[in-house]
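Shown next, in structure tokens, is the structure this report addresses.
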Amino acid sequence: MQVMKHLFKSRGIDISGYSESFMMRAIKKRVGRTCAPDNPSYLKMLIRSEEETNELLGALSINVTEFFRDKGAFESFEKEAIRPLLESKVQTGALLRIWSAGCATGQETYTIAMCLAEEMRRLEPGKRPLASVLGTDISELALAKAESGIYPREEVKGIPEKLLNLYFVRKGHAYEAASSLTKYVRFARENLLEKPGSKFFDAIVCRNVLIYFSRKMHEVVVQNLYESLRKDGYLMLGRTETLMGAPRSAYEVVDLENRILRKL
Ligand SMILES: C[S@@+](CC[C@H](N)C(=O)[O-])C[C@H]1O[C@@H](n2cnc3c(N)ncnc32)[C@H](O)[C@@H]1O
């Protein structure tokens, strides 16, 4: 199908595993919204427009995310990765850099920032190293919401109350990330299929992104993530994801269930 080919060619996203009726419903919704007179006209518009490609990916639920998605995974990431990294930065005085790759609308990036802020609180104020969490995604639309830092009440359900009170400010029916959180966070557009703009990250969180790629594209992303990570840096994937194409000697397992690895 042409739409599938376009998503594959332009984004490396393989939706051949999606059910046809689900795909057709999403396409029909976009045809309606864009007022395209028929499917061939919609296809032409889709191929020309990056924005419409993002809208269609949104309709296919490819941007789905939540705060503390798999809570245990972030508990483990905080303890097994952030804590030792911060301890080593206290010694060296260097900046701690974490990358949330494929962050969608930012919930994952702010979740990491909350884990980081909590670990910072364990340190004496004068000893806290500088730290940053970079959230990147290919979708400008998703990034615009991430940058706003504003989420409706239904979307902050996954945040433990204590953290919600500490790191968000209530604004009517919504919650806005407070400066105690946004001071760590930055967003940028990046295509994971291209050579990374930034390297030497101490930790990379890339969850529920690899599942959308074809085998070949998956391997390209795995290589790019490897090149972006420092030696001894941590990589966390989604709970059902595996690294295809990486040699066994590239990483050691830190937490198998939560897919936390360490670069050798
Ligand atoms: C299901 S969301 C995952 C969000 C978050 N990581 C999580 O686990 O909740 C997948 C994200 O990957 C992004 N994505 C897909 N292809 C990409 C690419 N080539 N480069 C960067 N991001 C991509 C999508 O735009 C989407 O926001």
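The values are calculated or read from the model by the stated rules, or taken from the named source; none is laboratory data. Everything numeric in this text was worked out from a predicted model, so none of it was measured. No Cβ is skipped: glycine too gets one built from the backbone with ideal geometry, and neighbour counts run over all protein chains shown.
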Worksheet item: Does residue 123 meet the test of being surrounded by fewer than 24 Cβ atoms within 10 Å (Cβ to Cβ), in contact with a Phe, Trp or Tyr (Cβ under 6 Å, 6 or more places away or on another chain) and not basic (Lys, Arg)?
Response: no
Worksheet entry | Residue under evaluation residue 52, criteria (1) within 16 Å of the ligand (Cβ to nearest atom); (2) surrounded by fewer than 17 Cβ atoms within 10 Å (Cβ to Cβ); (3) among the acidic types (Asp, Glu), criterion not met | (2)
Worksheet item: Under the condition of being assigned to a loop (DSSP other than H, G, I, E, B) and among the charged types (D, E, K, R), which residue from the range 107-141 is farthest from residue 91 (Cα to Cα)?
Response: 122
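Quick grid of which residues meet (1) in contact with a Leu (Cβ under 8 Å, 6 or more places away or on another chain); (2) within 28 Å of residue 149 (Cβ to Cβ); (3) part of a helix (DSSP H, G or I); (4) touching a residue at least 24 places away in the same chain (Cβ under 8 Å):
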position: 8; (1), (2), (3), (4): no, no, yes, yes
position: 27; (1), (2), (3), (4): yes, no, yes, yes
position: 40; (1), (2), (3), (4): no, no, yes, no
position: 43; (1), (2), (3), (4): no, no, yes, yes
Discussion item. Residue 140 - would you say it is within 13 Å of the ligand (Cβ to nearest atom), surrounded by fewer than 19 Cβ atoms within 10 Å (Cβ to Cβ) and not assigned by TED's automatic domain parsing to the domain that holds residue 199?
Written reply: no
Response to the item:
Of (1) assigned by TED's automatic domain parsing to the domain that holds residue 154; (2) surrounded by fewer than 20 Cβ atoms within 10 Å (Cβ to Cβ); (3) within 20 Å of the chain's Cα centre (by Cα); (4) not in a helix (DSSP H, G or I), residue 94 satisfies every one except (3)
Item to complete: Sort out which residues of the range 149-173 are touching a residue at least 12 places away in the same chain (Cβ under 8 Å) and in a helix (DSSP H, G or I), and write them in order of number.
Response: 153, 155, 156, 163, 166, 167
Worksheet entry | Residues of the range 211-251 satisfying the condition of being charged (D, E, K, R), within 16 Å of the ligand (Cβ to nearest atom) and surrounded by fewer than 15 Cβ atoms within 10 Å (Cβ to Cβ) | 215, 216, 227, 239
Worksheet item: What is the number of the single condition among (1) in contact (Cβ under 8 Å) with a residue 24 or more places away in the chain; (2) not assigned by TED's automatic domain parsing to the domain that holds residue 120 that residue 86 does not meet?
Response: (2)
